[in-house]
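This report concerns only the one structure given below.
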Amino acid sequence: MTDLHAIEDTFGSFVTFREGFGLDDDRPVDMPIRVFVATADGANVLIDTGVGPPGNAAFMPDRQGRLLSGLERHGLGAEDIDLVFLTHLHVDHVGWALADGEPFFSNARYVAHRAEFDFFEQPGADALETRERLIDLQRQGRIETVDSDGDVHPGVRIRHLAGHTPGHSGVEVGDVLVIGDAVVHELQLANPDQHFFADVDRAHAAATRRELLAELAESGAVAGSPHLPTPFGRIRRKADGFAWTPVD
């Protein structure tokens, strides 16, 4: 049996439409930052770790940091998490991953795609203290990596969806596909070629997005999103692009 829930860690903005999407619009892009927690084959699984605890942070200093209270609503504490899968290593997905340089979810396996570490450990990759420490832990063998699609736990299957970052991956949990940042805003549903400033490879990200959206529209499968207006939805075709239909 698989049970999947979304937890909104923070809601806010870290970019304008001009900065984020290249539009002539200086309004902030407000979006949720969510994680997903699942119970799969007896294990408590966390997909991503949000933006991190409230406090004096350069990135989203007004963050609410609600992950732990969200876990508590499901009867869980940090020590109860058995597996943490990181869809990618951007700041809003790894914020609760570490505490004082050590895994915050102390009893969990940490897993991410090998290509994420290969890319971000290169000279010139943007600096992020949490990510650098994750790379150190991976080098020490304390974080597992995968380099192909497949199960990391019964009922939890990894799908490489490269483009946003080289190792960016979705996660199939039961009959739901958590799509990570393959789509971050409804603008990218209406026009899958619409870039986002954090896309490492814009062309590859757009190709991945278009293929994924077409597949989801065809299958009618439920998708989970860290950033779209509702955590769960189905994709439907609309004009030359796609749209999001929320589901419970």
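Read-outs throughout are calculated quantities, based only on the coordinates presented, and are distinct from any laboratory measurement. Keep in mind that this is a model prediction, so the values were computed, not measured. Methodologically, a virtual Cβ is constructed for each residue, glycine included, from the backbone with ideal geometry; neighbour enumeration extends over all protein chains shown.
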Seminar exercise, completed: Per the helix-only model, the chain has a calculated mean residue ellipticity at 222 nm (DSSP H runs of ≥4, -39500 (n - 2.57) each, divided over all residues, rounded to the nearest 500) of -6000 deg cm²/dmol
Problem set entry | Along principal axes, Cα extents of segment 122-202, largest first, whole Å | 43, 37, 18
Problem set entry | Simple Cβ-charge dipole of segment 2-246, Lys/Arg +1 and Asp/Glu -1, about Cα centre, in debye nearest 20 | 400 debye
Problem set entry | Principal axis dimensions, the chain - Cα atoms, whole angstrom, descending | 47, 41, 33
For this session: Can you grab the distance from the C-alpha centre of segment 1-27 to the C-alpha centre of segment 72-151, Å, no decimals?
Result: 21 Å
Exercise. What does the convex hull of the Cα atoms of segment 54-164 come to per residue, in Å³, rounded to a whole number?
Worked result: 123 Å³
